[in-house]
Amino acid sequence: MNVTITNSLEVQELLRDAAGYNSEQGNPRHKQIVLRILQETVKLIEELDISDNEFWAGVEYINRLGKNNEAGLLVAGLGVEHFMDLLHEAKHAVDGHTGGTPRTIEGPLYVAGAPLRDGYDRMDDGCEDGIATPMFLDGRILDLEGQPIAGALVDLWQADSKGNYSHFDPSQSEFNLRRRIVTDAEGRYRVRSIVPSGYGCNPSGPTQECLNQLGRHGQRPAHIHFFVSASGYEHLTTQINLSNDAYLWDDFAFATRDGLIGDVHFIEDSTAATEHGINGRFAKMTFDFHLRPAATDKAQHRSNRPRALQEA
């Protein structure tokens, strides 16, 4: 039997009371958001005829999601973080702010406070020498007319050859594969790193559990994350996905986009390797970023999303 009570006066008054609308205290914006969440939740329960068992299984799942610190992973895996990027771009297009390097998801693994260097630095600590493939990455930070932006800050982070990130992987040294590079007079940044590995969700974690129910994998292609910022320009949150990865266009987090593919060139030349101070096979990749002028001061800064080791 279908029973419809969601739109009844009794239920709507209940939801408004629960959201604090009968109190003069509290935050009006918070009340507005909570009321909408409650309205959509009871509507879903009613329309999909959610059983008691399904409802409480969902509550227990949310508890496990938080306990495992995977909420940020799930919103990426369900496409919500990518939707936020699409929505921002649609708003910018309406305002006429277009062009430049596309933005894409940040993900939950940024750590503030990486070593700051001028122009160049080695990102890895050498612990995977002889295991990982060395990679030399360089590029320029340019405006929309192709002019270099000197003094731009390139904040980049990546996984190791096992798909793990420092700070979250206690076996790695502090800030391994994390650096902040200030561009030179030609807008150039350069780093020596390693070819990162793609990775998957924890197979026993709640995110993969959800994906299993949807018939989806939880794999990501190899990639490098970037924050790029400069005075007077929009802050850019993006990442480069490596061209040679099997999951390049099948990223469970929906981060792969046209304009964000890094062409990786593997070099077997021993003479070239010696010139780069290494032995054996290595990789090279060049990637330029184009920044849009900022329409507001706020646009020059990244969001205040909670992150590990927040900057003071």
Please work out if Leu35 is out of contact with any Ser or Thr (no Cβ under 6 Å at 6 or more places or on another chain), in a helix (DSSP H, G or I) and more than 30 Å from Gly151 (Cβ to Cβ).
yes
Condition check for Glu24: charged (D, E, K, R), without any contact (Cβ under 8 Å) to a residue 24 or more places away in the chain and either in contact with a Lys or Arg (Cβ under 7 Å, 6 or more places away or on another chain) or in a loop (DSSP other than H, G, I, E, B) (or both)
yes
Of the conditions (1) within 26 Å of Ser229 (Cα to Cα); (2) buried (at least 17 other Cβ atoms within 10 Å of the Cβ), Glu186 fails just one. Which one is it?
(2)
Looking at Glu13, Glu40, Glu54, Glu70, which one is among the acidic types (Asp, Glu) and either surrounded by 15 or more Cβ atoms within 10 Å (Cβ to Cβ) or modelled with pLDDT under 95 (or both)?
Glu70
In the range 193-210, which residues are among the hydrophobic types (A, V, I, L, M, F, W, C), in contact with a helix residue (DSSP H, G or I) (Cβ under 7 Å, 6 or more places away or on another chain) and surrounded by 21 or more Cβ atoms within 10 Å (Cβ to Cβ)?
Cys201
If the Cβ limit is 7 Å and pairs must be 6+ apart or interchain, which residue in the range 137-152 that is within 20 Å of Asp263 (Cα to Cα) pairs with which residue that is small (Gly, Ala, Ser) and buried (at least 21 other Cβ atoms within 10 Å of the Cβ)?
Leu137/Ser193; Arg140/Gly187; Ile141/Ala152; Ile141/Gly187; Ile141/Ala230; Leu142/Gly187
Does the range 278-296 contain any residue that is part of a strand (DSSP E or B), among the basic types (Lys, Arg) and closer than 20 Å to Phe226 by Cα?
yes
Residue list for the range 154-197, filter: charged (D, E, K, R) and outside any loop (DSSP other than H, G, I, E, B):
Asp155, Asp169, Arg178, Arg179, Arg180, Arg188, Arg190, Arg192
Considering the range 24-54 alone, what residues qualify as being at positive phi and not charged (D, E, K, R)?
Gly26
Only one of these conditions is not met by Gly107: (1) assigned to a helix (DSSP H, G or I); (2) closer than 28 Å to Glu234 by Cβ; (3) among the small types (Gly, Ala, Ser). Which number is it?
(1)
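The values are calculated or read from the model by the stated rules, or taken from the named source; none is laboratory data. Model, not experiment: these values are computed from the prediction. Backbone-built Cβ (ideal geometry, glycine too); neighbour counts: all protein chains shown.
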